[in-house]
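J.: Below is one structure. I have some questions about it.
We did not get these values from a lab; they are worked out from the coordinates using the rules stated. A quick note: this is a predicted structure, and the numbers were derived from the prediction, not measured. Cβ placement follows ideal geometry from the backbone for every residue including glycine, while neighbour counts extend to all protein chains displayed.
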Amino acid sequence: MEVTIRCYGDVADAVGAASLSRVLEPQSTVGDVVRGLAAEFDAFDPESPSTELVYRVNGGDAERTTRLADGDAVVLSERSVEE
């Protein structure tokens, strides 16, 4: 299945693009997307203590365990820090 990944802020900077397309195995999750990008791009470190990511799929809130379907749009961004 193919998904579109839209990246914002520091995530886009780390992967060098605002939009990516990836072919995934059936039953893949948002977590699989995150792990794949971390393996592909050294600058993208989702496990860094200073990084808190926000996930959305097709406009709705998502978690790393959210299953994906063909044609889904995944959004990855860092959580805004309110002062």
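J.: Rounded, prolate or oblate for the stretch 40-83? Axes are the square roots of the Cα gyration tensor eigenvalues, ordered a ≥ b ≥ c, and the cut-off for rounded is a/c under 1.5. Please list the in-between numbers first.
T.: Working: a/c = 2.40, a/b = 1.40, b/c = 1.71.
Judged from the Cα gyration tensor, the stretch 40-83 comes out oblate (a/c at least 1.5, b/c at or above a/b).
J.: Between D61, D72, D45, which gets the highest mean-square fluctuation from a Gaussian network model of the chain, Cα cutoff 10 Å?
T.: Maximum fluctuation in the GNM of the chain, among the listed residues, is at D61.
J.: Could you work out the Rg to Rh ratio of the chain, with Rh taken as the Kirkwood radius (inverse of the mean 1/r over all Cα pairs)?
T.: Values: Rg = 11.9 Å, Rh = 12.7 Å.
Computed over Cα atoms, the ratio is 0.94.
J.: Rounding to the nearest 10 and keeping the result within 0 to 90°, find how far the Cα-based axis of helix 30-40 lies from the longest principal axis of the chain.
T.: Result, in degrees: 70.
J.: What net charge is computed for the residues neighbouring Q27, neighbours being all others with C-beta under 13 Å from the C-beta of Q27, Lys and Arg scored +1, Asp and Glu -1?
T.: -3
J.: To the nearest 500 deg cm²/dmol, what mean residue ellipticity at 222 nm is calculated for the chain from DSSP H runs of n ≥ 4 alone, each contributing -39,500 (n - 2.57), summed and divided by the residues?
T.: Taken over the chain, the calculation gives -5500 deg cm²/dmol.
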